[in-house]
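A short worksheet on the structure shown next.
The values are calculated or read from the model by the stated rules, or taken from the named source; none is laboratory data. Every value quoted in this text rests on a predicted model; they were computed, and no experiment measured them. No Cβ is skipped: glycine too gets one built from the backbone with ideal geometry, and neighbour counts run over all protein chains shown.
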Amino acid sequence: MSLIWDIDINPTIFSFVFLFLLVMAIYDIETKYLNLQFFALFVICLLFISHFYLINFIIYTLVSHAIYLFIHNSLGYGDIILISFLSLIFPQSFMLYFIFITLLLATLYSLFLIVKYKTKRMQIPLIPFIFISFILNAFCFKMLKFYVEGMML
């Protein structure tokens, strides 16, 4: 039925991440910052209940930090930290679609704002798009994987 059980994500972990991202999305919309105290609590809790993908984490952390060095005016460091940590608890197949959907949604929204307000100098919070992407990816992963991998054959 959903990705949650397809890639061996514990429903408890899914619920925990869902609630965390929901709260952080609301906080990010209001402040445009990552609440580090809440994030630290999230990390500590997941350290005790989650399986880790260490190689995945190392790769995504290095790549995301390298990207941040080049476009640090366009992307917040809190978003980099969050994506890096999520790569520790989710497998690479999930993360690839997850990041793609996040960036696609944020880009479309940015283009909408550019057309509407005729300016490129706006900051938009990324965590709401991370949250939406998490939901879409969790419930549409099998379909996405089928269509994308089916097109590659």
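Some notes on this structure:
- Qualifying residues in the range 39-73 (those that are of a type in the set (G, A, S) and exposed (fewer than 13 other Cβ atoms within 10 Å of the Cβ)) - the one nearest to S110 (Cα to Cα): A66
- For the range 106-145, the set of residues classified as small (G, A, S) and either over 23 Å from V17 (Cβ atoms) or touching a strand residue (DSSP E or B) at 6+ places or on another chain (Cβ under 6 Å) (or both) consists of S110 only.
- Residue count for the range 114-135 satisfying the condition of being at pLDDT 90 or above and within 21 Å of Y27 (Cα to Cα): 12.
- Failed criterion for A138 (all others in (1) more than 19 Å from D28 (Cα to Cα); (2) of a type in the set (A, V, I, L, M, F, W, C); (3) at pLDDT 95 or above hold): (3)
- The set of residues in the range 106-153 being surrounded by fewer than 17 Cβ atoms within 10 Å (Cβ to Cβ), of a type in the set (A, V, I, L, M, F, W, C) and outside any helix (DSSP H, G or I) consists of M122, I124, L153.
- Matching residues in the range 105-153 - criterion: being among the aromatic types (F, W, Y) and within 23 Å of N35 (Cα to Cα): F129, F131, F134
- Residue that is nearest to S133 (Cα to Cα) [pool: residues in the range 94-120 that are of a type in the set (S, T, N, Q) and over 13 Å from the mean Cα position of the chain (by Cα)]: T107
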